[in-house]
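Structure, as structure tokens:
Here, each number is a calculation from the coordinates, and none is a lab measurement. Small disclaimer: the values here were computed from a predicted structure and weren't measured. Cβ placement follows ideal geometry from the backbone for every residue including glycine, while neighbour counts extend to all protein chains displayed.
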Amino acid sequence: MSTDALIKALKEALGETGVITDAADLAPHLVEERGLYQGTSPALVKPANTEQVSEIVKLCAAHNTPAIAHGGNTGLVGAGVPDGAVIVDFSRMNKIVSIDAVNLTMVVEAGAILADVQRAAEDAGAYFPLSLGAEGSCRIGGNLSTNAGGVHVVRYGNARQLVLGLEVVLADGRVWDGLRALRKDNTGYQLKELFLGAEGTLGLITRAVLRLYPKPLSKSVAFAGCASFDHALNLFQVARGRAGDVLMACEAMSDFSVAIAEKHIEGTQSPLEGRHGCYVLLEFGSSDPQADLDALMEKVLGDAFEDMVIEDAVIAQSGAQAESLWKIREAIPEAQKKEGGSIKHDVAVPVSKTAEMIARASELVEKLIPGVRVVAFGHLGDGNIHFNLSQPENADKAEFLGHWHAVNEQVHDLVVSMGGSFSAEHGVGQLKTGEMARFKSEVELDLMRTLKTALDPQNLLNPGKVLPPKG
């Protein structure tokens, strides 16, 4: 069947305004944020509800045309770049359907923007803890499809842990209604787990039941300077031991990471005297409005200072000061763009090995590329480090980026040898399918392919992503 016939059928199902085929209008949806991949698509469609998503997928299957879900297009591994697929844009399906303040759950459509989900929970006196840099534009369906992480994983877990139920359109257009708001349900296989982190390759998430938490009514934020990542890891241990579940975030940043944030992002400035080998941002939170978390933070930092774990530290004295401390951490990715070419790694190792991994990986890349500048930062509390590299000063960008594959290979080899993962929170997409082939066992890949074949026998849902080609 022809593409023209498919587009005609889609317009009959959605109306003329629900189907976009103009090349200029399609262009922004054919590239990912970093510009690494350029895709193609016959059309972008904008469903208004689950029934229309179902009809779209049925029509694509009937015309043997792949389909790909689009949220905020903030991914970093090319998972959302279409290869001849119809783009299913969820921007119209952006409603907060309902909130149950007693059950601490929220039902949302897949196109809801993460910041809007956070705001709706707060308005209801609750808290949705998923928080990441793109929260003003990323959509919850994409967050769940990639099992997003963010800064609060140390206390609340990844996106996977924040979902109780899903509604999913399967590859043949059938709708699985798993919108259950239960914390206990032992009636068979946990089907929702198949679609969380699957990057739209097994089904299209249309709605979700999210888990909410009591709203933190007391907070304390501190910024500390340490001599090294080893000392930063020691600080995390002290904070975790003293604060327990009150610890909401523990972010670590190399000195160079902070320096480029100060250099390029207006209003970003370390509050500490002098320079330090590593910086740590700690956040405590409690639902008890009377909790004296600043006193607890002072105790943690005092103990760490006595043990010579930290060299200097400040505690935010207001909400504005807390935001200014968080801004340092949040400014790093944008600042790195202004330092020339970047080679990036989204990796995780056991928390106990984070400092060792950074030290060994830094030594490795400095031998490969003399003068390379390491931008290491991330979620120290859960072992997820963004081990990024900026080109040497005055280097040729193209020449530097030519080392991408060799550097990735060696860093990933090191990380996996330490019991780690080559993709911690950004997913696999098409960028890392080769690494799947290198590091996953044949048994594991065979299990994944069996699931893919069972749920999508025509290979029409986001083909070419996650799984490497066979053979």
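With each label modelled as a point 7 angstrom along the Cα→C-beta vector, the residue 237-residue 27 pair spans 5.5 nm. Here region 1-153 is assigned +1 on the Cβ of each Lys and Arg and -1 on the Cβ of each Asp and Glu. Its dipole about the Cα centre then comes out at about 140 debye. Which angle between 0 and 90 degrees, to the nearest 10, do you get for helix 442-455 versus the longest principal axis of the chain when only C-alpha atoms count? Relative to the chain, helix 442-455 is tipped by roughly 40 degrees. Ranking 254, 15, 342 by how far each Cα lies toward the positive end of the dipole of the chain (charges on Cβ) leaves 15 at the top.
Put a plus charge on the Cβ of each Lys and Arg, a minus charge on the Cβ of each Asp and Glu, and nothing anywhere else: the dipole of the chain about its Cα centre is then about 1060 debye.
Gyration tensor over the Cα atoms of region 374-471: the corresponding equivalent ellipsoid has semi-axes (square roots of 5 times the eigenvalues, largest first) of 30, 17, 13 Å. The gain in end-to-end length when the residue 404 to residue 416 segment is fully stretched comes to 2.5 nm, 0.36 nm per residue minus the alpha carbon separation. Quick one: Debye curve from the C-alpha atoms of region 83-207, no solvent, what's log10 I(q)/I(0) at q = 0.10, 0.19, 0.21 Å⁻¹? Each listed q maps to, in turn, -0.29, -1.12, -1.38. The calculated FRET efficiency for residue 11 paired with residue 98, based on their beta-carbon distance and R0 = 41 Å, is about 0.80.
Once the Cα-Cα distance is subtracted from the 0.36 nm per residue extended length, the residue 186 to residue 447 segment shows a gain of 91.7 nm. In a reduced charge model with +1 at each Lys and Arg Cβ and -1 at each Asp and Glu Cβ, region 342-417 shows a dipole moment near 80 debye about its Cα centre.
Using only Cα atoms and rounding to the nearest 10 degrees, what angle (0 to 90) does helix 354-368 make with the longest principal axis of the chain? Orientation of helix 354-368: about 80 degrees from the principal axis. Each part gets one Cα centre, and for region 344-403 versus region 107-154 those centres are 28 Å apart.
Dividing the mean sequence gap of close Cα pairs (under 8 Å, 6+ apart) by how many residues the chain holds gives a relative contact order of 15 percent. Note on residue 308 and residue 437: the model spin-label points, each 7 Å out from Cα along the C-beta direction, lie 5.1 nm apart. Against the chain, whose longest principal axis is taken from its Cα atoms, helix 404-417 shows a tilt of about 70°. Residues in region 290-301 carry Karplus couplings, in order, of 8, 5, 8, 6, 5, 5, 5, 4, 4, 5, 4, 5 Hz; the curve used is 6.51 cos²θ - 1.76 cosθ + 1.60 with θ = phi - 60°, and Gly or Pro positions show x. Simple rule: put +1 on each Lys or Arg Cβ and -1 on each Asp or Glu Cβ in the chain, find the dipole, and look at 124, 52, 265; the Cα lying farthest toward the positive end is 52. Annotation: lysines with alpha-carbon distance below 17 angstrom to residue 465 (same-chain offsets under eight excluded): 432, 440, 452. Using the Cβ-Cβ distance between residue 172 and residue 299 with R0 set to 60 Å, the FRET efficiency works out to roughly 0.55.
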